[in-house]
Amino acid sequence: MAFDKYNAVWVSHSSMGDFLKCPKAYYLHNVYKDPKTNRKMNIVGPAMSLGLAVHTVLEDLNQYPTEGRLNRDLLADFEKAWDPLSGKIGGFVSAEEETEAKERGKKMIERVIANPGPLSKKTVKLKPTHNNMPPNIILSEEDSIILCGLVDWLEYHDEDDSISIVDFKTGKHEEADDSLQLPIYLLLLSELQKRHIRDAKYWYLEYENEPVVKSLPSIEEAKESVLKVAREVKKVRQNRQFICPRGEESCFACRPYEKILRGEAEFVGVGGYGQDLYVVKSEDERVKRKDAE
């Protein structure tokens, strides 16, 4: 029998990140669908919209030849990327909040203009996937688990036909050392392309002029760590036991989604991935969200 991708459990860095924070938050964000709209739900806010706009500008550069790529007006591209995220649809509850986030984004683009680094060099693009699905591989045929993910940028090295993974970071804090992000990218790229993966880099656009090189695990170590969490996700899905670690009190991760279910959030539109978008207005949630950036 052929492997059925559509009935397999799909996991990604973001969905497993939700799960590790709180299984209930994972359920409400990645599984639950509003019975009225048959759509999943997502919470929009300044950090999310800033990150989306900056990533759109930078990732779109791989469409252009290396020579002349950076002759584009990247600030104009940023304005264009920002436009559909302006106002409540981007999760901004005031003009001041939007202005602050937009200025941060502009400074990131200006940093790239002054220090283009890997963006001025050759890049590699993965082959298009079927039905516009994100790049994906079978993580475990036995467990019927699919791993998917989008890599921001692949820097190509002529001298040894290798690539470097480059991930753009728009938050204020560094990625945790035990993050599954790089193991996931390593597993995906090891199957989806044939070149040697030289290294991986995080580019903290808020404060670094160039990417920071990070060590990569072995393929075996990467698969072990990712598959361990993926199997936990599948087990919880099968048992339908999406329980918050704090019980009825709820935690910072699932509480905003519960507010949506109680009608305590504002619906602001439908997002590009077909999700119902909400703004959670409560001041205490706003503070927690800012701390998590």
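Bear in mind these aren't lab numbers, they're just calculated from the coordinates by the rules spelled out. Predicted model, so just to flag it, every value in this text is computed and none were measured. Using ideal geometry, Cβ is built from the backbone for each residue, glycine included, and neighbour counts are taken over all protein chains shown.
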Over the Cα atoms of the stretch 100-157, Rg to Rh with Kirkwood Rh, two decimal places? 1.16
Per DSSP H run of at least 4 residues, take -39500 (n - 2.57); add these up for the chain, divide by its residues and hand me the 222 nm value, nearest 500 deg cm²/dmol. -11500 deg cm²/dmol
Would you please report the Å³ per residue occupied by the convex hull of the alpha carbon atoms in the stretch 43-155? 131
As an exercise, use a Förster radius of 22 Å and the Cβ-Cβ distance of ASP158 and VAL212 to find the FRET efficiency, rounded to the nearest 0.05. 0.45
List residues of the stretch 197-216, by number, whose backbone nitrogen lies under 15 Å from a label position 7 Å along Cα→C-beta of LYS121. 197-203, 210-214
Return the FRET efficiency for the residue pair ASP178, SER144: r is the Cβ-Cβ distance, R0 is 30 Å, and the value is rounded to the nearest 0.05. 0.70
For the chain, what relative contact order do you get, as a whole percent, if you take Cα pairs closer than 8 Å and at least 6 residues apart? 24
Three principal axis lengths of the stretch 149-293 [C-alpha, angstrom, descending]: 57, 39, 28
Compute the signed sum of charges (Lys and Arg +1, Asp and Glu -1) over the other residues within less than 10 Å, Cβ to Cβ, of ASN115. -2
Averaging sequence separations of C-alpha pairs under 8 Å and six or more residues apart, then dividing by the length of the stretch 158-241, give the relative contact order as a whole percent. 34
Pick from GLY117, GLY105, GLY90: which residue has the top mean-square fluctuation in a GNM of the chain where Cα pairs under 10 Å get a spring? GLY117
Return the long-range amide H neighbours of VAL268 (sequence gap of 5 or more, or a different chain), with a cut-off of under 5 Å between placed amide H atoms. LEU277, TYR278, VAL279
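Tell me, in nm to one decimal, what length is gained between THR99 and SER14 on full extension, where the rule is 0.36 nm per residue of separation less the Cα-Cα distance?
27.9 nm
Given a Förster distance of 35 angstrom, what is the FRET efficiency for ARG195 paired with ASN38, based on the Cβ-Cβ distance and rounded to 0.05?
Numbers: r = 41 Å, r/R0 = 1.17.
Working from the Cβ atoms, E equals 0.30.
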What distance in nm separates the two pseudo spin-label positions at TYR6 and ILE89, each 7 Å out from Cα along the beta-carbon direction? 3.0
Once you have the Cα-Cα distance between ARG231 and LYS281, take 0.36 nm times their residue separation minus that, and quote the gain in nm to one decimal. 14.5 nm
Need the full-extension length gain, TYR64 to ASN132, defined as separation in residues times 0.36 nm minus the C-alpha distance. One decimal, nm. 22.4 nm
Overall dimensions of the stretch 50-102 as given by Cα atoms, namely Rg and Dmax in Å: 12.8, 41
Exceeding the 31 Å Cα-Cα cut-off - candidates LYS33/LYS106; LYS169/LYS234; LYS5/LYS223; LYS102/LYS194; LYS127/LYS259; LYS40/LYS127: LYS33/LYS106; LYS102/LYS194; LYS127/LYS259
DSSP loop chymotrypsin sites (Phe, Trp or Tyr not before Pro) with at most 15 other Cβ within 10 Å: longest gap in the chain: 4-206
From the square roots a ≥ b ≥ c of the eigenvalues of the alpha-carbon gyration tensor of the stretch 7-48, which class results: rounded (a/c under 1.5), prolate (a/b over b/c), or oblate? oblate
